[in-house]
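**Q** My questions will all concern the structure given below.
The values are calculated or read from the model by the stated rules, or taken from the named source; none is laboratory data. Worth saying up front: this structure is predicted, and the values here are computed from it rather than measured. Cβ sites come from the backbone with ideal geometry, for glycine too, and all protein chains shown count toward neighbours. Surface accessibility is based on the protein's heavy atoms, side chains included, excluding ligands, DNA and RNA. Shrake-Rupley method; radii C 1.70, N 1.55, O 1.52, S 1.80 Å.
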Amino acid sequence: MDEVSRHTLTVAIKPPTSMVLDTPKDIQSGSTKPSRALLRFHERQCKAAQLLPVEYFWQDKAAWLEAQGYKLRPRYQPGWEPDIPMVDAYVMNENFVPMARASIVDAIRMKDGKRVLLKRLYRSKNLHEIEISQLLGTGPLASDPRNHCALVDDILSPSDEPDLKFMVFPFLQQLTAIPFDSFGEIVDFLQQVFTGLQFMHHHHVAHRDIGQPNIMMEGTELFPDGWHQEFGHLLPDGQRQTTVFTRTQRPPKYYLIDFGLSRRYDPSDPNPLEEPIYGGDRTVPEFDTDEEVFNPFRTDIYYLGNMIRKYIIEGKNSEFTGYFGTGFLRSLVKDMTRTKPEKRPTIDQVVRRFNKICKKLSTWKLRSRPIPRTGNIRKGLHNHMEHWKRRRDFVKRGVPPIPSRQLQSTTEVLPRP
């Protein structure tokens with residue numbers, strides 16, 4: 001274990017909202033007798049745990065995928081049925097964890113025991129995504145230190161279904177799995193994301209759907225005991241809380257994912273125009289005008305700026321935390337989200353401005369804890385005290401206030417531009 005104590009997540013374990021079952025009053029009393037109420041309660045739990053219609057596809061493919069060297073978790077094995085004990089309380093385990101996205105599932109790569117992600121694609125429908133994922137996630141570009149696009153480990157093609165493809169990606173963690181513990185961690189996150197988008201644009205690829213769900217992080221070092229694909233704060237068994245390190249203790253690399261709407265454009269065209277494609281963010285100003293075509297690279301700038309505004313600066317709900325003390329980003333974000341696309345900066349201009357902003361931030365500021373705009377006061381006070389303990393230790397050991405610099409000082413990763 002590191003010299004610094006682990007930072008344990010304090011997220012309450014709870015089932016998906018759609019699956020919460022009210023415990024009958026006579027069961028709540030603590031009786032263990034298998035009464036009618038208990039039998040009905042158990043029946044409802046088993047019914048709620050059944051496979052969703054979209055999950056049967058993966059159960060049907062489990063044997064073939066295992067033959068290719070990838071084993072799905074127990075829920076998707078042939079013949080699986082809910083195994084819920086006859087108890088008088090809600091049971092939280094693998095039985096109650098359906099997939100959040102029908103096209104993505106986690107698996108174990110049998111040759112090395114590593115957990116990976118499998119994504120189902122159809123060449124007739126997802127040709128652009130397949131080609132761009134291969135362009136940016138394999139070959140020479142995959143090893144470029146500026147590249148923050150999800151890497152492609154393998155591509156599987158069933159011989160009897162030539163249109164169907166399974167792309168294999170590293171097992172990544174949700175961006176929101178843990179809060180930022182310092183402004184230096186926020187700076188590192190933004191530096192990496194700006195660099196990643198700059199890399200895409202330099203290779204004439206527009207993402208076209210940048211948002212918080214499509215930015216993930218490498219979590220193997222952050223979560224040494226692993227995590228569940230659908231509930232990032234739980235261990236792979238879906239029952240117990242996992243423990244994590246802060247991003248300063250174990251600096252993660254951030255990745256841009258999901259190139260389903262992405263397109264690559266002619267390098268000789270300085271101003272490519274494209275009809276709008278609606279991604280997760282429906283607030284793009286130019287999409288509400290009478291114009292029919294737009295520059296997708298300028299739209300990328302809006303998407304990223306608006307994500308920073310919602311997720312880092314302002315906050316909105318439990319999904320978008322927002323932090324006090326992020327005013328140093330407002331001017332840049334304001335320009336990135338201007339109504340007229342031509343008034344927005346290019347990604348190169350964004351990177352230069354952000355670097356100038358960062359140079360003005362003091363070490364004290366970078367090491368300080370950003371206070372979430374949401375959450376309860378008592379928990380916040382506890383987290384603040386724990387932060388100061390870690391901070392004193394970081395200063396004593398000379399840990400850099402911007403985490404990635406610590407990572408670069410102990411590895412051979414090339415410096416980012």
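**Q** Roughly to the nearest percent, how much of the accessible area of region 149-245 is carbon and sulfur, given a 1.4 Å probe?
**A** Taking all protein chains in place, region 149-245 shows 49 percent carbon and sulfur surface.
**Q** If each of H204 and L235 carries a label point 7 Å out from its Cα toward its Cβ, how far apart are those two points in nm?
**A** My value for the distance between the label points is 5.1 nm.
**Q** Here is a follow-up. Using a 10 Å cut-off on Cβ atoms, rank the peptides 282-291, 186-195, 148-157 from the highest mean neighbour count down.
**A** 186-195, 148-157, 282-291
**Q** Here's another thing I want to ask about it. Taking 0.36 nm per intervening residue step and subtracting the Cα-Cα distance, what contour gain separates R338 from T374 on full extension?
**A** Fully extending the segment from R338 to T374 adds 10.3 nm.
**Q** Step through the table entries K61/K253; K334/K365; K253/K334, compare each Cα-Cα distance with 30 Å, and write down the pairs that go over it.
**A** K61/K253
**Q** What distance in nm separates the two pseudo spin-label positions at M385 and D154, each 7 Å out from Cα along the beta-carbon direction?
**A** Between M385 and D154, the simple spin-label model gives 4.9 nm.
**Q** Moving on. Using R₀ = 41 Å, calculate the FRET efficiency as 1/(1 + (r/R₀)^6) where r is the Cβ-Cβ separation of K356 and D393; round to 0.05.
**A** The pair K356/D393 has a calculated efficiency of 0.85.
**Q** On to the next question. Do you know the relative contact order of region 164-294, to the nearest whole percent, from alpha carbon pairs under 8 angstrom that are 6+ apart?
**A** 28
**Q** With label points built 7 Å along Cα→Cβ from the Cα atoms of Q50 and D225, find their separation and express it in nm.
**A** Result for the modelled spin labels: 3.5 nm.
**Q** Highest mean first, what order results for 292-303, 324-335, 219-230, 355-366 on Cβ atoms within 10 Å?
**A** The packing order, highest mean first, is 292-303, 219-230, 324-335, 355-366.
**Q** Now, a different point. What residues of region 146-179 lie in the reach of a label at D60, counting those whose backbone N is under 17 Å from a point 7 Å from the Cα along Cα→Cβ?
**A** Residues 157-166 fall inside that zone.
**Q** What's the local net charge at D181, with K and R +1, D and E -1, over the other residues with C-beta under 12 Å away?
**A** +4
**Q** If R0 is 25 Å, what FRET efficiency do you get for Q77 and R36 from their C-beta distance, rounded to 0.05?
**A** 0.15
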